[in-house]
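K.L.:
Can you keep this structure in mind? I'll have questions shortly.
The values are calculated or read from the model by the stated rules, or taken from the named source; none is laboratory data. Note that the structure is predicted; figures quoted are calculated from it, not measured. Glycine also receives a Cβ, built like all others from the backbone with ideal geometry; neighbour counts cover every protein chain displayed. Ligands, DNA and RNA are stripped out before the accessible areas are found, and what is left, the full protein with its side chains, is counted by its heavy atoms. Shrake-Rupley method; radii C 1.70, N 1.55, O 1.52, S 1.80 Å.
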Amino acid sequence: MLVIRVCFSPCHPVAGNAELFSSPAESQLVPSILNAAHASRCRLRASRVLLVGMKGLGAEVAKNLILAGVKGLTMLDHQQVSQEDTRAQFLIPVGSLGRNRAEASLERAQNLNPMVDVKADPENIENKAEDFFTQFDAVCLTCCSRCVLVRVDQICHKSGIKFFTGDIFGYYGYMFANLGAHEFVEEKTKVTKASQGVEDGPDTKKVKLDSTETTMVKKRVVFCQLKEALAVDWSSEKAKAALKRTSPDYFLFQVLLKFRTDKGRDPLPESCAEDSELLLQIRNEVLDSLGVSADLLPDDFISYCFSEMAPVCAVLGGVLGQEVVKALSQRDPPHNNFFFFDGIKGNGVVECLGPR
C-alpha cells in the first residue's frame, strides 16, 4: 500500500498556489481530490476493527490494518499456540507454545505502530453477546465455523457494521465481504468530446479520455448476506448458465467449511488419509445438496488443502486488509462479494454470488 502524506503551510493554501499546477483547471481540481483523500484518511483513522482468529492469515491482516493506521484493533482468539502456528504466524515469538494466540501476538503487533490501540482478547467468540460487536466499525472473522460466520454476519448486517471473513486451506484461500448498502468515491479520468472542426474522419465523434483531468465520482453498491451467498439455487436455467462461469473454488470453500463445522478443526497433515476420505465424502454431499455435479471438484483437490501456506497467507492477507481499508475509508470500489485465490495456478478471481 502506498501512503502519501501531504503537508500544507497555513501561509500557502493549495488553491492560491496556481504556479504549482500546469493549468487553471488543475489548480481547481487538485484541492477537491486532496479534500476527498483527507476525508477518507480521517474515516480510517477513526475506525475500530475486530479481528478474530490469529493464525497465519490473521497475522497478515493485523499487520496490514495496523500499518494502515486504524484507530484501534482488537485481536480475539481463544486457542493456544501450536507447533503449526509457528510456520506462518510471524507475530508470535519463539518459545510461545501453549500461550493464548492473541496474547502471544500482542507485543509485536503493538510495536508495528504505536499510534494504533491494539488489544488482545482471549475469549471464545461463541460466548460473545450481540452488543459486543456493536462497538466496532468492521468485523473480520477467520478460523470460524459456518454457524458462527452466519450469526456474526447477521448481527453486523443489522447494525450497519462492515463484515469480512477469510480463510486459508493449504494452497487455497478465500474472502467474503458484506458491506450492506455501501457508498464510496472513485477517482475517474474525465471524459471529453472532441471539438467540432478540430479533427476530420471517423474518429471525430469518438469520446476521448483526457488523462490530465480527473473527477471524484460517488457510487453505491448493495451487498447480500453470507447465508444468502452460500445458499444459491443452481437448479434454475439462469443459474445453470452462470455455473459455467463460476469458479469451482466457491464449491471447494463450501466443502472445507462443512469439514470444519462437522469436525471442529481443519484438515490436518497428521491425519491425511482419514481426512482425505472424509473430504471426498463431504464433497459428494455438499455438491449434491447444491444440485451440481461432483465432477466440478476433481479428486485431486484433497492433495492441496492441508495446513496454512505462508505465501498464500501473504497474498490473501494483503487483499483482505486492503478491502477492509477501502470499506472503512469509503474510497475506491470494493470486491463484491467473494475473492478466491488459487496458489497452485497463482491467480485470484472476484465472484459476485447470491440472490439476483
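K.L.:
Step through the residues of the range 242-259 one at a time and calculate ³J(HN,Hα) from phi using the Karplus curve (6.51 cos²θ - 1.76 cosθ + 1.60, θ = phi - 60°), rounding each to whole Hz and writing x for Gly and Pro.
P.N.:
Along the range 242-259, the couplings run 6, 4, 5, 9, 8, 5, x, 4, 4, 6, 4, 4, 5, 5, 5, 5, 5, 4 Hz.
K.L.:
Keeping every protein chain present and rolling a 1.4 Å probe, give me the accessible area per residue for the range 229-303 in Å². Before the final figure, lay out each step's value.
P.N.:
Numbers: 3850 Å² over 75 residues.
Normalised by residue count, the accessible surface of the range 229-303 is 51 Å².
K.L.:
Still on this structure, please answer the following. Would you work out what percent of the accessible area of the range 229-303, with all protein chains in place, is carbon or sulfur (probe 1.4 Å)? The partial results should precede the final answer.
P.N.:
Values: 1960 of 3850 Å².
In the range 229-303, the share of accessible area belonging to carbon and sulfur is 51 percent.
K.L.:
Just to check I understand the Karplus step: with θ = phi - 60° and J = 6.51 cos²θ - 1.76 cosθ + 1.60, what whole-Hz values come out for the range 262-273, glycine and proline as x?
P.N.:
6, 9, x, 7, 8, x, 10, x, 6, 10, 4, 4
K.L.:
Specify whether the C-alpha gyration tensor of the range 229-303 places it in the rounded, prolate or oblate class, a ≥ b ≥ c being the square roots of the eigenvalues: rounded for a/c under 1.5, otherwise prolate if a/b is larger than b/c and oblate if not.
P.N.:
On the way: a/c = 2.58, a/b = 2.03, b/c = 1.27.
Prolate shape, in that a/c is at least 1.5 and a/b is the bigger ratio.
K.L.:
Please compute the contact order of the range 229-303 in relative form: average sequence separation of alpha-carbon pairs under 8 Å and at least six residues apart, divided by the residue count, as a percent. Working shown, then result.
P.N.:
Details: 46 pairs, mean separation 26.5, N = 75.
Result for the range 229-303 is 35 percent.
K.L.:
Same structure, new question: For the range 229-356, rounded, prolate or oblate, judged on the Cα gyration tensor with a ≥ b ≥ c (square roots of eigenvalues), a/c < 1.5 rounded, else prolate if a/b > b/c? The partial results should precede the final answer.
P.N.:
Working: a/c = 2.02, a/b = 1.16, b/c = 1.75.
Taking the square roots of the gyration eigenvalues as a ≥ b ≥ c, the range 229-356 is oblate.
K.L.:
Checking the cross-link filter: which aspartates and glutamates have an alpha carbon closer than 19 Å to that of Lys218, excluding same-chain neighbours under 8 positions apart?
P.N.:
Answer for Lys218, where 19 Å is the Cα cut-off: Glu183, Glu186, Glu187, Glu323, Asp332, listed by chain and number.
K.L.:
Next question, about the same structure. Taking the Cα centre of the range 88-162 as origin, work out the dipole magnitude from +1 charges on Lys and Arg Cβ and -1 charges on Asp and Glu Cβ, in debye rounded to 20.
P.N.:
Working: 9 positive and 10 negative charges, 48 e Å.
Dipole about the Cα centre, nearest 20: 240 debye.
K.L.:
Between the range 285-330 and the range 67-110, what is the C-alpha centre distance in whole Å?
P.N.:
22 Å
K.L.:
Between Ser235 and Glu186, what is 0.36 nm times their sequence separation minus the Cα-Cα distance? Round to one decimal in nm. Don't jump to the answer; show the numbers that get you there.
P.N.:
Working: separation 49, 0.36 × 49 = 17.64 nm, distance 3.69 nm.
Between Ser235 and Glu186, full extension yields 13.9 nm more.
K.L.:
Non-local amide H neighbours of Gln79 (under 5 Å, H modeled in plane, Pro and chain starts lacking H): which ones?
P.N.:
Result for Gln79 returns Arg101.
K.L.:
In nm, to one decimal, how far is the Glu84 label point from the Lys345 one, both placed 7 Å along Cα→Cβ?
P.N.:
Spacing of the two 7 Å Cα→Cβ label points: 2.6 nm.
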